[in-house]
Every structure is written in C-alpha cells, then in structure tokens.
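Report on the following structure.
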Protein chains: 4
Amino acid sequence: MDLNQGRTYLAIPGPSVMPDAVLRAMHRASPNIYEGELIGMMPDILRDLKRVARTQHEAAIYIGNGHAVWEASLANVVEEGDKVLVLASGWFGHGWSDMARALGVECEVLEFGRRQPADVARVAEALAADKSHSFKAVLAVHVDTSSSAKSDIAAIRAALDSTGHSALLMVDCIASLGCDRFEMDDWGVDVMVAACQKGLMVPAGVGFVFYNDKADRVRGEMRRVSKYWDWRPRTNPEIFALHFCGTAPTHHLYGLRTALDMIHEEGLENVWKRHKILAHAIWAASETWAMQGPFELNITEPTHRSHAVTSLRIGVPHGTSLRRWTQETAGLTLGIGLGMATEEDPQSDGFFRFGHMGHVNAQMILGMLATVQTGLVALGIPHGVGGVDAAAAVIAGSDV
Amino acid sequence: MDLNQGRTYLAIPGPSVMPDAVLRAMHRASPNIYEGELIGMMPDILRDLKRVARTQHEAAIYIGNGHAVWEASLANVVEEGDKVLVLASGWFGHGWSDMARALGVECEVLEFGRRQPADVARVAEALAADKSHSFKAVLAVHVDTSSSAKSDIAAIRAALDSTGHSALLMVDCIASLGCDRFEMDDWGVDVMVAACQKGLMVPAGVGFVFYNDKADRVRGEMRRVSKYWDWRPRTNPEIFALHFCGTAPTHHLYGLRTALDMIHEEGLENVWKRHKILAHAIWAASETWAMQGPFELNITEPTHRSHAVTSLRIGVPHGTSLRRWTQETAGLTLGIGLGMATEEDPQSDGFFRFGHMGHVNAQMILGMLATVQTGLVALGIPHGVGGVDAAAAVIAGSDV
Amino acid sequence: MDLNQGRTYLAIPGPSVMPDAVLRAMHRASPNIYEGELIGMMPDILRDLKRVARTQHEAAIYIGNGHAVWEASLANVVEEGDKVLVLASGWFGHGWSDMARALGVECEVLEFGRRQPADVARVAEALAADKSHSFKAVLAVHVDTSSSAKSDIAAIRAALDSTGHSALLMVDCIASLGCDRFEMDDWGVDVMVAACQKGLMVPAGVGFVFYNDKADRVRGEMRRVSKYWDWRPRTNPEIFALHFCGTAPTHHLYGLRTALDMIHEEGLENVWKRHKILAHAIWAASETWAMQGPFELNITEPTHRSHAVTSLRIGVPHGTSLRRWTQETAGLTLGIGLGMATEEDPQSDGFFRFGHMGHVNAQMILGMLATVQTGLVALGIPHGVGGVDAAAAVIAGSDV
Amino acid sequence: MDLNQGRTYLAIPGPSVMPDAVLRAMHRASPNIYEGELIGMMPDILRDLKRVARTQHEAAIYIGNGHAVWEASLANVVEEGDKVLVLASGWFGHGWSDMARALGVECEVLEFGRRQPADVARVAEALAADKSHSFKAVLAVHVDTSSSAKSDIAAIRAALDSTGHSALLMVDCIASLGCDRFEMDDWGVDVMVAACQKGLMVPAGVGFVFYNDKADRVRGEMRRVSKYWDWRPRTNPEIFALHFCGTAPTHHLYGLRTALDMIHEEGLENVWKRHKILAHAIWAASETWAMQGPFELNITEPTHRSHAVTSLRIGVPHGTSLRRWTQETAGLTLGIGLGMATEEDPQSDGFFRFGHMGHVNAQMILGMLATVQTGLVALGIPHGVGGVDAAAAVIAGSDV
C-alpha cells in the first residue's frame, strides 16, 4: 500500500523546493531583451544579489550551473601553469580542483577527509611553506554538499593574513548561500561562487560569481580570458546583452527577482536564523536516533555542520532502503549519499542526506523527520527512541 | 522568530490541498464552448465522476458550491408544503435543512448532537411513526464536516426498507466523496450531492448532483423546477451548453479531468485505503495526546469517525492558540472549530479540526501531527507523550 | 497544409481571451476560507466591482454563470404569479424570459426581431397600456450577444419615468460590462446582472447581481427567497462564508482581483474607448467587405451596435466554412451564429460572430480581421476589397 | 489613446513566443536529479533533438545561451594558435569569430557585407588558396539574425569537398533550427550549434552542440578541453549529472520535452513548410510596401532570405518610430535593427526586424503585418498600398 499520493517533498540538498511565487513569476511570455522592463530590473537584481552575498563589490550572473561558475571564476584568475591550493572536505572540493586541472592549473590539495571541515592549522602551514607565493588562489568550499562539513572561512582568511600570503581566497557557497551565515566582505573573500537552485530557491539554470577589486586586478593581468567566462563585460555593461554574453536567461531573472524579494522581505538574518533552528531540530532528532543502532551524523562536531544539508551514516543497505521507503510509501525524497563510496559500499547504500535549504519551514522539516522515523520503525532499523520529540523540543524552545 | 517561511500546508477540512497537476491543467486559455475538445471531454468526465460515486445512474454538474447542490438537489424533488426528515449530526445537517425550509419545505429534524452520527434506531422509529409517508425524503449527511461524525448510510437505507417507507434517501457526501467508502447504488441512495474542493481536489467552484430513476420520477411529478436547478436538461443533453444551463465552467472542467485521472489511476479502493490508514494514524496520535490533559477526539467511537476530517476538543483557549501557533510559527493552517460554540465558548476557541482529504500522503500527515505536537509543547498544553510515535507505528505497521 | 500551429486566438463572444496575469493569479494553493488574506480582500473587490458597474449600491457575487445570475436576480424580486415585461432583441432576451417563466412568472415579450435593439417607443407604449402596473419589472438586455444589438438603457428608463411606471428596470450586461459604456446609477437601473468571463476577463464561473435600494425593497416584500439566490445575506455579511452562501470561489476571487486591477489601472473610460475604437475598426472592415457579395453586418445602424460583439451574415454555408477555415488554417476561432436559425438555414451556417471583449488590443483585432479577409479570398467568397485597409485607417486615425 | 491593453505579441527574432504547453510543463516542482523520471527522459530528449537537427551523430546540451555554445563548440576543436575561416553575413558571423579570437584562435574573415549570404565562390577560392590546410574549421552562420541572410550550407560543403579541404564545417543554426530546412548529415556539417529560445520554443537557457565522428576525432587530438565545455563527458554518460557537467537544467528539460513533442507531432517537414509560407506572406507584404517610399527588404534575393527572421530598411527615424508605435499603440513588439549602424544612423533607427520563428501561425503573422501597415499609415510613412492583401493572397493561395 502506497501512502505517497499527495504532495511530494523533495528534501535533497539541491535543487530545493521551489516557492509557488517563483514558479508563478516564471510562467510568462518571453520579454523583450533589447529594451523595457527586464532591462530596467537588472540594477536592483544585482544590488539584491549582492546583499545576499554581503558584498559591496561586483556580481556577474552566468547562465549555467554550479560547475559553470566554478569554471567561470577560475577562468578569470588562473591559467595554464598557475598553481592553487585546494581545501577538500568532500566530493565538491575535489570537483572544483578537477575543473582547475582541466584548465591546466596545478592543484595542491589539502585533504581533510569526508567528515571534517578544513583544518585551518594545516592551511596556515601550507601557506607558510609556500614562500614563493606560488599559490595564486586558495579554493575553499564553505559547505561541502556531500559531507555537509562547513569550513570556517573567516579563519582561512586569517591564515592567509597571518602568513602574509597573497593568494586570492575563492569560496564556493553553492550549498550555503542564503542558508548559513556568510559575510563576503567582512570575511575577506575575494571571489565567491554560488548557484540559484539551493538557498536562492530558483530552478536550476543560473550561477553567480562575486568578486572584489583584488580579484579583478588579477583578472586584469590575465593573458586572455574566454569571452563567455570573462566577468568584466558582464559587470556594469552599457548594453544589457553583455550581462549574459548574449541572450539573457529571461524567465530565470523573473524567478530570481521574486526569490530575492522573499529573502529580503523576511530579512537575511531571519533567513539564517530559520535555517539554524531547523538544522538544530534535525540534529536533535538525528542524535537521538543515533543513541542506539547504526544511525550517525557524518559530522560529529556541531559547529562544523552545515545549516543547509546534513549527511548521515546508517550502514549498508539501510540508507538506500530508507530512501526507497520514504519515497514510495510516504512521498518524501531524501538525498543519496554522495562521495561516500568505499570498497565495502560502492553504491553508498549506507548513507543518505537531508536537504534543508531555502524554502523550508517547521512543518516541512517536522514532516521529514517524522517520516524518517516512521521508516526506521517500518524497516526495523534499530534507532534511539524519541527523535521527533527531540526536534519538537528544539523548535518549541526556540525564541519563537 | 517565525519558522513559517516555506511551503505552507492548509490542513483545513476543505478546500483541500490542490495537486500541482490540477492547477497546471487549469492554467490555460479559454476553450471554445460551442465545439471542439471541451465538448468531447464531457462524456468521459461524467463517466469517471459516476465511478467515484459508485453509481450507474445520472450525474449533473453545477457551477456552484456545496450549498448550491444542496439547493439544486432539493429543488428537483421537493416544493412548498412538502415535508422531509433531516438527520443532524452537526452544523451541516442543520445547514441543509435551512436550505429546505427556505424553499417552503417542512423539516422534521432528528438531532443527534455534536458528537454522534445518526442513530439508526431513532431514524427507523421516526419512519415507522410516519404512517402516511409524509416525508418525501430523508436528508442525511454522510460525514458532517463540523463534528466529523460519519453516519451509516447503508443502515439508514435498511431502516427505510424495513419500514417500507417510500421517502427518497438523499445524502450529502460533500466531505466524504473520494475519501470514505461510499457506494451510491449498493447502499440504495437515491440522490447524492458533492462538491469539487475536498476529496475531488479541484479549486472550489463546481458541485455535483447524482440521482437515480426513482428520484427522477419524483422530479417528473414536480409542478415546476427552476431552470438553473433542473437536473433534467443537464443530463445527456443534445447541446453542450445545457449541461451547465449556459456557459460551462471551462477551467474547472480541465482541473476535474485531471483530478479524476489521478483518482482512477490510483484506484478508488486505494484512495479509500490511503485515507483510512492516514486517519488511523491521526487518531492514534490524538488518542495518545488525549491520555493526559484536555485533548479529546470529538467522536469517541472509531467506527463513527470520518476518514477525511477529525474534530478535536482541547479546551478554551487552546484550540485557537494552537491554530495560531502552527500557522505563524510553522506554516501549518488547521481548521477552526465549527458549530461547536457554547455559551462558555462562543468563538469555539476550545476546538480545532484536522482536514485530511484528497491530496494527502504520509509525509504531509506526519508533518501535520509533528507540528501540532510541537505546538502543544511550545504552548505548554498538557498532553500525553508519544503522539507522533503512535502515528508512526500505524503507518509503519500498515500493510504497505 | 495547416498554418494554425502557434498561439491560437479564441475570438468568440465569451469566454474571452484570459490575461496571463489573471491565469497566473489563479495558479495557487487554496487559501484559508475562515480567516486571513482572502477575507481581507473582499471589501476592495466589491468596491472595485461596483466601480465597473458605476453604482454606489450593492453587489452580490454568485458562483455560477450568466444563467445563474439571471435566475438569482429574478428570484429576489419576482415569484409565481408575477408579471414582467421582456424586451427581446435576440436569443438572450428570450433566454432570460424562459428563466422567469420557469419560476412561474408571466412574461410579456416585446419582440424586436434579430436585427434591432429595443424600440423605446414600443416599450413606452406597453408601459402606458399597463395602467394597473402589473409589470413588476422590465427585463432588458443591454447587448444581446446573439444579435449584437445594443439597446438604449437610459431611454428605457426615460420611458418608465415618463409613463410613471413603477416596474423595476433590470438589465443584463453580461456581454457589455467592461466593454460598452454602462452607467447603472446615472441611467436609473435597479438591478443589473453580469458574469466574469467576458469583459471582466476571468475564466467562467462567477456572476454578479448589482441592485439598488428600490430593488431591495421589492426583495423585502417577497414571500420567500431561496437561500442560494437570496442577495441579502450575501451583501455586507458579518461572516465571510455568507458572501457566497458557503464555500467561496477561492481561485476566481484571485483572478477577479487581478482583472479589476487591470481595468482600473487602465481606467474604465479608457477601457470603453479602446473597445469603441476597435469596434469601429471591425465595422469599417466589415462594411467594406459588405460592399460586394453576401457579407453583411447584422445590425445596420452603428449606434445600435455593441462594442463587444459583432454578428455577421454571410450566407449559407459561408459562415461555417469561414469559421472552419480560420480555425484549421490560421489558428483563429470565430463565434458561431446563435439564435439565427431559419428553416432554410437550420444550423445558422450563414452566420458568424466576432467577439472583441475584454483583453483585446489593436494587434489582435487586426490579426482577426486580416485572417478573415484571407479566408474570404481562400474560399472564394465574394467581398468588397480593402477591409483591413479600412480598419487600419480607423485605428491609425484614432486620437492615439 | 493606447490600444495595447490586451495580449501582447513579441515578434522579435528571439526569444520567440513561448507555447502555453511549454510554460505549463515548466511550472512544476524540482525533480530528483539522481534517479527517477527526469533521468529516464534523457535518451528520448536527445533522440528527438537529433531528429530536429537531422543527424544520426551526437548531441550535447549545455546550460547556456547561443554564445555559450559558440564557445563550447570552438573549445572542443580549436585552441590557441589554430586558425579558422569565418564567413560573415552580419553581426553574428563576427560575433562567433570574436569568441574564437578570445580563445587565441586566428580568424580569417570573409566579409560578405550586411545584405548577402556567404558567396560560395569566394569561400572556394579561400579554401583553394589555403594549400597547407591551415584552416582547422570553417565557421558559417546558417541564418544571420541581424541581416536575415541565409547561406547555402550544402554549397559550402561542396566547396570544401571540391577543394579537398580538411577543415571542419561548423554551422550556427541558432536562428534557423526548427524553422528553415537544415540537414546536418546530408549536408555534411561536422559541428552545429543551436539554442532553445527561437525555433525550439523554450525560454532562453539551454544551448546545443551537435557533432559528428570527424569532429570528435579532432576533439580527441586536442591538448586540453575545459571540463565545462568538453562535449565528451556530456555524450552518452553513465551518470546523469555528466550530461550537464553538474546540476541539470531541470525545468528547461521539461519545457524542451514538450516543445520537441509539438515539433514532431506536427512533423518537421510541416514545420518547415509553415515557416516557408508565412515567410513568403511577410515578403509579399514587404515587397508591396516597398513599391513606394523608403521601405526595403534587407535581403533582395528571395532564395537568400531566412524563413525565421526578416530584416527591413525603412530610413531614419522610421524604424524606431514604427517600433514604438506598434508597441505602445497596438501591443506588438518588433525587433530592433542589429548590426546595421552607420555613421549617419548610429542607433540603427532606420531598421527593424520581424521575428517569425517557432510558435507562429497565420493569424499571428497577419496581425503583425496588419499592425505594421496601420503604423505606416498612422505615422505617414510613404509605402506601397496593399501589403496585407498581398500577404493574404500568399496564405490563401498556399496548398492549404
């Protein structure tokens, strides 16, 4: 008997749940792309995007996904023969370095495993060892969507500063922007990349590169930047089409406009706080389930955990069984384990992830948790009792 | 701090949650109403509607709400001076009799209070006492949305049969159709009324009258029936416009087409079973909460409870406080108490209702229950511990 | 070869072309119907509706179509044995009187044929002859959608006044509201009915009854009014649900809100002027085509013509052939002839109608006319040359 | 007085008019991107895309616009130091070569002006002169959207063959795919690029690169290809995410699925024929207007004209005046002149363009033409009489 006929809930770590208002805004005729309303909307879109990134500097919008802005950001500041230091706390740190290598860039990777954020001491050590400042940039992932580890970006900046290293600090906020606190300017981030389909609540299809003057100076010294990736013509152009190196992502811009309105109407601090409380509720449930049996949070230390995604270990084959059960029986789709494969578990069947980014509220998260708990019961997976109660206590006890 | 910024959940007993597919089907240009696709869709719409009502007889669609089909059904079979027997287990039984009275019909009301379905013995008694067969019809509400009492329609038919009474059996299935098992023909129902915005999952705006040959014979003997309410021209007309006594409810028909497809694709028996299991989960949680403190199910006897709506008693002012809390803090809107006012509680602040009709699945219902439990904690309303666990046990233990 | 793959244009006299903004507003979750946003929207919706009707008096909204409000309006002021005077300039005048007759009301019909508006002299004569004031109401259709005849409502009021007749003046503005100038209060109209799917640009499903104090006094003297039709509880009720005698037409109200915003943003005078100029363009084309061959405007005298619908005579079987050609070849759907059947032309194959109501602009109307002209050429139907040029001249020469 | 309140018509040469069905398909929740429906849809999407391109070879989909696939296609086969021959018949030929140059590629540009397609004799000459086969590719634009010149791709292939030149033939079909006949395999095209927002009727946001074995062999010999642009991982990958180098353009894929269904349901040959007849109608009108006054088709020779876009010359300031008039007065937005600036006309005020690509039918095109003719009259721009009549004759006389 299926109990999934009803509104389904996609609780994967991106794409996230799209607000009705965003989808409605995108259900429209194509606008003129040479003059008129859409052109007039751009300055405010860019302003409001930058407010989400907490930067006074520049923003470029690319039709593309997260990988596109990985490549775009790199293409503006590094080229064949350059060297970067990559901080890897999961699949996506390696993914970004793969993009760099394919551009001919040498990558020194600091591997922090699958359960830890960047170890800032090791970062400082590596920077200090690089006397010649051969690293042109440090590539850090704020939240690695695979491991759900959150690195301390301000501390990494401090490591750069304390070692006096000149490298650019480039940060991937794809999974964290609009969810976890991020302060581009205050934290001294030179380049930041993000995409629209997670905390920004817009269907996949546009990505963002934010960069400051220091980064743009490096750009200025590049021998050549491909036209599509070049962020300069995209920034403050006289002609609208240059914003996008050609045709604009017309419908996404309307969706983005609406999503930015929602974020700023709620208030970015409130958005962060909402994600924080809901994440704490998820952790409380998870830690309770973990008291007995195989259930385990991938990231042990709470301050290292993302507020947008939570990776879980539950033992083969329980991760996959549980995902199947919640989807087929209850209408809830959980995220697969990503980048967690081992020889014993080549399909990551012992893992799953909660996505809790963007358009999420207490009734959704409580439904997700209660469904997972029901699945644990139904499948006979041993677990500590009272997970949902623990989550409820967090939410009930928050200063709501 | 609000945690309601996310997808909201309207868990009131109608209108219910509209499926995306239904809304999408309604987002379209107006069709031609004189020839073409829409005209061609009608026979199958009527066939599939009748399959939901479990009848081989006739169906008429009215642009209107539940009150409209209350009046429509009456207008075809009773007139000034006629007399009907009304079975009242809540607000809506009285509502239907008010419609009848305004048509000049005399109503004898059997009052069963606010916590019981129709008492069939009393019905039989009243019918037996009506030697002259002065009751032209018995008006029964299958599920009264206010009390959530479900009456035994087959037993009421048996009472008519055993007393040999000739009255029509007219049943209001507005809250139950597509949720609770209902067998129009097998149970000997002569006239049944329903509306689209509950189990049928279509935005409010159309209602239905189903009737059999016996009812139509009574219609045939009427001195006069108003053109808008007359069901005869609406049934099997040669001209499409007669189906609706004028312009068709164009967009609703597209929504209804999609909703009927969803129901029959799932299978009506499965739809009923899904509602049943989810209702049992709700009751399990509610009965657990009721073990301590003021929480109480309005209908004590499980077999008297609806599978589509559940009325709850929680003491003044907890009903209203809880509703406010879940809406403002968590994004969940619960139903108000209806028809429950007393001198001590003129605003029904001690009541609320769960709607669980139509497009509902396990993750939604578990989210609703976990949110309510969280609210009970947050507001310090005493309650038995383990409500969500009890609901989870029901769902986990169902033959899924 | 079909050339109809593209955006289709439904140019029938209702339902009309729905604005994207209206459809978008209706693509949404069901709202709470007990408290919150929707309830808060009602006063302004009613205010803005009354501004379209040009009345300071009352408005009641019914879930229903035009026939529903025909019946609703009658049900509040006439009953069995009453008598009304009906002015018929086409199918719909007779339709309204049929509704009245089915309520037991005696109808004296002044028949003006299919090509003329109400002849006010004959109306005055009939009123003068009714010394006993047996007519409780005069039923007039402002624009008869079948003939496209527009009657002079102010003159009919003058006839009532000059004869000192006490009858209510009831007017059907279903086809004209929001298209042709109509001044309910200034013209002394007591009851007016309209529906949403024409000039008001909302998918079929709600209708309106506007009434003044005099009409309400008549209502007050009625022996009984059915609950669904009674306009009193619907007007200024304390409880939202009374507005609609039950569940509100939730999604239609959002659509209506948007449509009213569009109308008042443009300005009602501008809306009327737009319809006027476009109608003149249509007439100019039609009169040109009529110079040679069978083409003929149904209403000869321009001041008698509607600005929202134009009925045309083109000879059997050209009406049907032309409609088929424009739909299958070009993506344009024209209105059928309605109420024009004769013995020689039982299917009205010699007629068709242009709908030009609501969401229409110059590019749409010019496309409609150019397509029809192309069809005339393609089908070899003799016609005067230069129809589109004549329409262009009107539009180009308007004080745009 | 504005007559633009109604359905607007964006008749620019891309983005084009989006079908309601496409927009409806995109109005949906995000799908799972790791397993399920979306993953299952990909093989058929690629198959049906290749059917539109008339190729048995490979297709890669990029989140991006036309410029993105310009860069993507180049990045797979040329690198710094390589040389290409560019055939320029307008702005977009130069645009593509600018993308190449920014990759460090040397471009020899054959300039054919703004009013002629590629002169194949000159192409053959250039190829013959390149004894060393230094041109690694020939870049040709099938239809240049700025000039509306259509080049003879098969003849260019013949020039390559007859000179025995080894260069790849790379063709930009952004403006022509799904409008003008194009036969990738039969015409011997090695690489073809297109985007979704024109003949493919999907909101801007995805582009396509089609390539054959010869092109892929060249790809195989590249020293390095950036990960985002590399077409190899995108083609027949084992993991869905590789199709898009990361997150899929979820909603666009649903839109694309619907658009491909529409195209193949109509039949590609029928789609081409529809565009051909409508283009001929536009030319007939334009040639008529051109008989007197400044109106002129940019491309004189009919066989050199696109069936998707038509560039027009009308003299300063008539182009801009006309565009403003049709938009503000009639709701029709025409395309601006692009790449036509001269010293005397720096803003291209003497030009405009008709877009007639994708979701267009006879009623739309006739409306566009009649509106333009009306504008010519309104603005007093001298023009030959009878343009719409001439267009009507083409459509009426087509073998419909």
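Based on what the data block shows, is D:VAL123 touching a helix residue (DSSP H, G or I) at 6+ places or on another chain (Cβ under 9 Å), free of Cβ contacts under 8 Å to residues at least 40 places away in the same chain, crowded, with 21+ Cβ neighbours inside 10 Å and farther than 30 Å from D:ILE263 by Cβ? Yes: the conditions hold for D:VAL123. Identify, please: which residue in region C:25-52 is buried (at least 17 other Cβ atoms within 10 Å of the Cβ) and free of Cβ contacts under 8 Å to residues at least 24 places away in the same chain and is, among those, nearest to the chain's Cα centre (by Cα)? In this case the residue turns out to be C:LEU46. Condition check: in contact with a Pro (Cβ under 6 Å, 6 or more places away or on another chain) and either outside the structural domain of A:LYS273 (by TED's automatic domain parsing) or over 15 Å from A:TYR62 (Cα atoms) (or both). Does A:HIS165 satisfy that? In short, no. Residues in region D:60-73 include none that are outside the structural domain of D:ARG305 (by TED's automatic domain parsing) and in contact with a Leu (Cβ under 7 Å, 6 or more places away or on another chain).
Within region C:331-340, the only residue that satisfies the criterion of being within 14 Å of chain D (Cβ to nearest Cβ) and not in a strand (DSSP E or B) is C:GLY331. Exactly one residue out of C:SER176, C:SER166 is in contact with a Ser or Thr (Cβ under 8 Å, 6 or more places away or on another chain) and among the hydroxyl-bearing types (Ser, Thr, Tyr), and it is C:SER176.
Selection of region A:151-162 for residues being farther than 14 Å from A:ALA215 by Cβ and either touching a Pro at 6+ places or on another chain (Cβ under 6 Å) or open to solvent by less than 10 Å² (accessible area, probe 1.4 Å) (or both) yields A:SER151, A:ILE153, A:ILE156, A:ALA159. In the set C:LYS83, C:LYS131, only one residue is free of Cβ contacts under 8 Å to residues at least 24 places away in the same chain and more than 28 Å from C:HIS275 (Cα to Cα); that residue is C:LYS131. Evaluate the following for A:ILE395: is it within 20 Å of A:LEU278 (Cβ to Cβ), at pLDDT 95 or above, within 10 Å of chain B (Cβ to nearest Cβ) and within 23 Å of the chain's Cα centre (by Cα)? The answer is no for A:ILE395. Can you name the residue in region B:5-22 that is at the interface with chain A (Cβ under 9 Å from one of its Cβ atoms) and over 18 Å from B:GLY355 (Cβ atoms) and, of all such residues, is least open to solvent (accessible area, probe 1.4 Å)? Step by step, filter region B:5-22, then rank; the result is B:GLY6. Residues considered: B:SER321, B:SER306. Of these, the only one that is among the hydroxyl-bearing types (Ser, Thr, Tyr) and either farther than 21 Å from B:LYS273 by Cβ or open to solvent by 10 Å² or more (accessible area, probe 1.4 Å) (or both) is B:SER321. Taking the stated definitions as given, is B:VAL86 at pLDDT 95 or above and either within 26 Å of C:PHE244 (Cβ to Cβ) or open to solvent by 40 Å² or more (accessible area, probe 1.4 Å) (or both)? Yes. Taking the criterion of being assigned to a helix (DSSP H, G or I) and either surrounded by fewer than 24 Cβ atoms within 10 Å (Cβ to Cβ) or more than 20 Å from the chain's Cα centre (by Cα) (or both), the residues of region C:72-83 that qualify are C:ALA75, C:ASN76, C:VAL77. Where helices (runs of 4 or more DSSP H) fall entirely within region B:206-289, those with at least 1 residues that are within 14 Å of chain C (Cβ to nearest Cβ) are at B:213-220, B:250-266. There is no residue in region A:103-118 that is over 19 Å from A:MET184 (Cα atoms), part of a helix (DSSP H, G or I) and touching a residue at least 24 places away in the same chain (Cβ under 8 Å). For region D:295-303, the count of residues that are under 24 Å from C:GLY397 (Cα atoms), within 14 Å of another protein chain (Cβ to nearest Cβ) and buried (at least 24 other Cβ atoms within 10 Å of the Cβ) is zero. With respect to (1) buried (at least 17 other Cβ atoms within 10 Å of the Cβ); (2) in a helix (DSSP H, G or I); (3) more than 8 Å from chain B (Cβ to nearest Cβ), the lone exception for C:ALA59 is condition (2). How many residues, within region A:131-150, are more than 27 Å from D:ASP230 (Cα to Cα), touching a Ser or Thr at 6+ places or on another chain (Cβ under 9 Å) and open to solvent by 10 Å² or more (accessible area, probe 1.4 Å)? Qualifying residue count, region A:131-150: 2. With respect to A:PHE182, determine if the residue is facing chain D (nearest Cβ under 10 Å) and either open to solvent by less than 30 Å² (accessible area, probe 1.4 Å) or more than 16 Å from A:ALA68 (Cβ to Cβ) (or both). Criteria not met by A:PHE182.
Okay, residues lined up against (1) open to solvent by less than 10 Å² (accessible area, probe 1.4 Å); (2) at pLDDT below 95; (3) farther than 25 Å from D:ASP98 by Cβ; (4) outside the structural domain of A:ALA137 (by TED's automatic domain parsing):
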position: A:LEU200; (1), (2), (3), (4): yes, no, yes, no
position: A:LYS214; (1), (2), (3), (4): no, no, yes, no
position: A:ARG217; (1), (2), (3), (4): no, no, no, no
position: A:GLU221; (1), (2), (3), (4): no, no, no, no
position: A:TRP229; (1), (2), (3), (4): yes, no, no, no
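Scanning region A:23-53 for residues that are within 11 Å of chain B (Cβ to nearest Cβ) and in contact with a Leu (Cβ under 9 Å, 6 or more places away or on another chain) returns a single hit, A:HIS27.
Out of everything in region A:341-392 that is assigned to a loop (DSSP other than H, G, I, E, B) and among the acidic types (Asp, Glu), what residue ends up being nearest to the other protein chains (Cβ to nearest Cβ)? By that ranking, first place goes to A:ASP349.
Table: residues versus (1) touching a Lys or Arg at 6+ places or on another chain (Cβ under 9 Å); (2) under 23 Å from B:SER162 (Cα atoms).
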{"residue": "B:ALA53", "(1), (2)": "no, no"}
{"residue": "B:GLY64", "(1), (2)": "no, no"}
{"residue": "B:GLU71", "(1), (2)": "yes, no"}
{"residue": "B:TRP91", "(1), (2)": "yes, no"}
{"residue": "B:ASP98", "(1), (2)": "yes, no"}
{"residue": "B:LEU127", "(1), (2)": "no, yes"}
{"residue": "B:ASP144", "(1), (2)": "yes, no"}
{"residue": "B:SER147", "(1), (2)": "yes, no"}
{"residue": "B:LYS150", "(1), (2)": "yes, yes"}
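Return yes or no: is D:GLY93 open to solvent by 10 Å² or more (accessible area, probe 1.4 Å), away from chain C (no Cβ under 14 Å), small (Gly, Ala, Ser) and assigned to a helix (DSSP H, G or I)? Considered against the rule, which asks whether it is open to solvent by 10 Å² or more (accessible area, probe 1.4 Å), away from chain C (no Cβ under 14 Å), small (Gly, Ala, Ser) and assigned to a helix (DSSP H, G or I), D:GLY93 comes out as no. Pairs are defined by a Cβ separation below 9 Å, a sequence spacing of at least 6 or placement on different chains, a first member in region C:250-269 that is farther than 13 Å from C:CYS179 by Cα, and a second member that is hydroxyl-bearing (Ser, Thr, Tyr); the pairs so defined are C:THR250/C:SER30; C:HIS251/C:SER30.
The values are calculated or read from the model by the stated rules, or taken from the named source; none is laboratory data. Quick caveat: nothing in here was measured; it's all calculated off a predicted structure. Positions of Cβ are backbone-derived with ideal geometry, glycine not excepted, and every protein chain shown enters the neighbour counts. Heavy atoms of the whole protein, side chains included, go into the accessibility calculation; ligands, DNA and RNA do not. Shrake-Rupley method; radii C 1.70, N 1.55, O 1.52, S 1.80 Å.
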